[in-house]
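Okay, so here's the structure we're looking at.
The values are calculated or read from the model by the stated rules, or taken from the named source; none is laboratory data. Treat the numbers as computed from the prediction; the structure is a model and nothing was measured. We place every Cβ from the backbone using ideal geometry, glycine too, and count neighbours over all the protein chains shown.
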Amino acid sequence: MLTFKKTLNFLKIFLFGFVILTCFLACDDEPVDPLVIVDTDDDGIPDATDNCPEIFNPNQEDLNDNGIGDACEDIVNNDLDDDGILNDDDNCPLVANPGQEDSDNDGIGDACDDVFNLTPLYPCENGMAGPYSCNDYDLMGYIPLDELAEPGAEGNDSWGWTDTTTNKEYALICSTHGTAFVDITNPTAPILLGKLASANPGHSGNVWRDVKTYNNYAFIVSEAAGHGMQVFDLTRLRNVANPPETFTADAHFTEFGSAHNIVINETSGYAYIVGSNVNSGGPLFINIQNPTNPVNEGSFPGYSHDAQVVTYNGPDPDYTGQEILIGSNANEVVIANVTDKNNPTTIATATYNNIGYVHQGWFTEDMNYFILGDELDEQNFGNNTRTLVFDFTDLDNPSVHMDYNGPTAAIDHNGYVKGNDYYLSNYSAGLRIIDISNISSNTMNETGFFDTHPENNNASFEGAWNVYPYFPSGNIIVSDIERGLFIVRKSGT
């Protein structure tokens, strides 16, 4: 399905060519016989009564009722709805909306919300959204993996970017062979804008690729040998004329080869490379304040599989304003102060019972608690999905606050906090949404889900790899290993 903007771009090209051809054929100096009915565009309507005599428009469409046919409107003033805002800058070029109101901040003006078909691809009804089990979350749109990546690829990580200039929303979808960029502003009609191939020699596939964003740039790493870090200017997505394009990176940082993951503190402008082939996989400190000229400023010892790095504003006054790294380090959680890149220090470590593999975690927004996933405990110990919550009110003395056990045996992978909700990519059980508003009282409740892997909920490495819940519109993306990109939204929003 084409979005209006994409259709408009096609129309511009068509009109430009047609005007040139019309002028070539009709713009001569010979007098016109007044008794001859002139129909320049051969649409069956005489020029004398045609609201757009230069361009074929037999139905005489005139959406804004200004006497100029829609087919000619763009040539006349490049402002289809006569609201004083040029079509290219108008968030609703079909209907007058000079204030550019956009109440839901989805990049589509309020006056045009009905122009786009926002009816879900599959609404969640009676526990099912088409072939997928669900609870209170609709499937808005979908792009299969074989469109996002080369044949035989597997999907893995994902992230999102909202263009604050245009309010458009984009999904960044990784696979074993590269990264795809998708415009999801209209979630029911996602547009694959292009692909960036893996940076390693020969572009051989690797199951681990990770992407994060900072200052309108994407930063991409992979465990593929020799990959380094790709840097891609996301503002290039504004001007894709003929999607899908084949992109190249804007910069390539090669002071490390492979890496499992990348973490970015957008407040400080530092990327933290974890699980790399240098420093035994300990975090590397990369200054990306000038995104296309990254600078290596040091490292921290001890392998880290994943991490979150924040400029701390939590309850422990000893560390206010400091840059704090929470490392999920396979066999323990490490809290470190990385403010001074020349002298990073360990604040504390934490463990828990029945460790399988300390995988990934995320702070609650008040920074009182840290929510952690263990990737192997479901397989090793037979428990249902287990999420651990640490009390981090005193960073020097972290403690286990509670365990939350999900309703299935599926493995938990990556989880993120937004407000009072925890969004978990739960592999074969898909996306799970868990209410954490009463976490201080040892209570967490699942309030919704969308299962991208309908075959089973086994403790296996299939299904939802990652989820990104931070789009202002309420769009949520899920990257699925076998199936590709899912765009879901809470029912009724």
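Which of the residues belonging to segment 283-336 are part of a strand (DSSP E or B) and at positive phi?
Start the filter on segment 283-336 by keeping residues that are part of a strand (DSSP E or B), which leaves 284-287, 295-299, 306-311, 323-328, 330, 333-336.
Selection gives 298, 330.
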Residues of segment 198-217 satisfying the condition of being modelled with pLDDT under 95 and not in a loop (DSSP other than H, G, I, E, B): 201, 202, 203
Test set (1) in a strand (DSSP E or B); (2) buried (at least 19 other Cβ atoms within 10 Å of the Cβ) - residue 133 fails condition number: (2)
Residues of segment 311-342 satisfying the condition of being of a type in the set (S, T, N, Q) and closer than 15 Å to residue 270 by Cβ: 311, 322, 337, 339, 342
How about segment 239-280: which strands (runs of 3 or more DSSP E) wholly inside it have at least 2 residues that are farther than 19 Å from residue 176 by Cβ? 251-253, 261-265, 270-274
Within segment 282-306, residues farther than 20 Å from residue 217 by Cα and under 24 Å from the mean Cα position of the chain (by Cα) come out as 305, 306
Residues of segment 437-479 being more than 24 Å from residue 404 (Cα to Cα) and of a type in the set (D, E, K, R), in sequence order, are 455
Tell me whether segment 379-395 contains one or more residues that are among the charged types (D, E, K, R), modelled with pLDDT of 95 or more and within 21 Å of residue 212 (Cα to Cα). no
Of all residues in segment 445-493, which are under 27 Å from residue 164 (Cα atoms), among the polar types (S, T, N, Q), in contact (Cβ under 8 Å) with a residue 40 or more places away in the chain and in contact with a Gly (Cβ under 7 Å, 6 or more places away or on another chain)? 479
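Could you list, in sequence order, the residues of segment 453-493 that are β-branched (Val, Ile, Thr) and at pLDDT 95 or above?
Going residue by residue through segment 453-493, those that are β-branched (Val, Ile, Thr) are 467, 476-478, 481, 487-488, 493.
Residues satisfying the conditions are 467, 476, 477, 478, 481, 487, 488.
With of a type outside the set (Gly, Ala, Ser), touching an Asp or Glu at 6+ places or on another chain (Cβ under 9 Å) and either surrounded by fewer than 18 Cβ atoms within 10 Å (Cβ to Cβ) or modelled with pLDDT under 80 (or both) as the only criterion, which of 36, 115, 76, 95 stands out?
Numbers: 36 fails: touching an Asp or Glu at 6+ places or on another chain (Cβ under 9 Å); 115 fails: touching an Asp or Glu at 6+ places or on another chain (Cβ under 9 Å); 76 fails: touching an Asp or Glu at 6+ places or on another chain (Cβ under 9 Å).
Selected residue: 95, the only one of 36, 115, 76, 95 that is of a type outside the set (Gly, Ala, Ser), touching an Asp or Glu at 6+ places or on another chain (Cβ under 9 Å) and either surrounded by fewer than 18 Cβ atoms within 10 Å (Cβ to Cβ) or modelled with pLDDT under 80 (or both).
Conditions tested, residue by residue: (1) in contact (Cβ under 8 Å) with a residue 24 or more places away in the chain; (2) farther than 29 Å from residue 356 by Cα; (3) crowded, with 22+ Cβ neighbours inside 10 Å; (4) touching a strand residue (DSSP E or B) at 6+ places or on another chain (Cβ under 9 Å).
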position	(1), (2), (3), (4)
218	yes, yes, yes, yes
226	yes, yes, no, no
274	yes, no, yes, yes
292	yes, yes, no, yes
Has segment 249-269 got at least one residue that is within 19 Å of residue 160 (Cα to Cα), surrounded by fewer than 17 Cβ atoms within 10 Å (Cβ to Cβ) and in contact with a helix residue (DSSP H, G or I) (Cβ under 9 Å, 6 or more places away or on another chain)? yes
Checked against (1) surrounded by fewer than 20 Cβ atoms within 10 Å (Cβ to Cβ); (2) farther than 21 Å from residue 452 by Cα; (3) among the hydrophobic types (A, V, I, L, M, F, W, C), residue 208 satisfies every condition except (2)
